[in-house]
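J.: One structure, as structure tokens, below. Some questions next.
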Amino acid sequence: MDRVTSTDPGPMPDPRALRPRLPSPVQEIEDAPFARRGVRLLLKRDDLIHPELPRSKPTGVSGPGLVT
């Protein structure tokens, strides 16, 4: 006999408790080789929006020279 496992994720959290930190913070990364060339490296920290919200959300940001 096959064992049946539940896929129920459990109760949903109260939406009022999920107060995200928006807009997501930006963190500057200091890097000597970039600084010598006048380049600032800024990271958009979507992982810091809220500790309970899933990370790795697609942002739709793309273009030449951008890492997505």
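The values are calculated or read from the model by the stated rules, or taken from the named source; none is laboratory data. Quick caveat, the model's predicted, so the values are computed rather than measured. Reconstructed Cβ throughout: ideal geometry from the backbone, glycine too, with neighbour counts over all protein chains shown.
J.: Does at least one position in segment 21-37 carry a residue that is at pLDDT 65 or above, among the charged types (D, E, K, R) and surrounded by 10 or more Cβ atoms within 10 Å (Cβ to Cβ)? Full working, then the answer.
T.: Our first condition is that a residue be at pLDDT 65 or above; within segment 21-37, this holds for 21-37.
Next, from what is left, pick out any that are among the charged types (D, E, K, R): 21, 28, 30-31, 36-37.
After this cut, where a residue has to be surrounded by 10 or more Cβ atoms within 10 Å (Cβ to Cβ) as well, the list is 21, 31.
Yes, there is a match, as at least one residue in segment 21-37 is at pLDDT 65 or above, among the charged types (D, E, K, R) and surrounded by 10 or more Cβ atoms within 10 Å (Cβ to Cβ).
J.: Considering only segment 38-62, state which residues are aliphatic (A, V, I, L, M), modelled with pLDDT under 80 and closer than 16 Å to residue 19 by Cα. Can you show your working first?
T.: Narrowing segment 38-62 to residues aliphatic (A, V, I, L, M): 39, 41-43, 48-49, 53, 61.
The next check asks that each one be modelled with pLDDT under 80; those that pass are 53, 61.
Matches in segment 38-62: 53 only.
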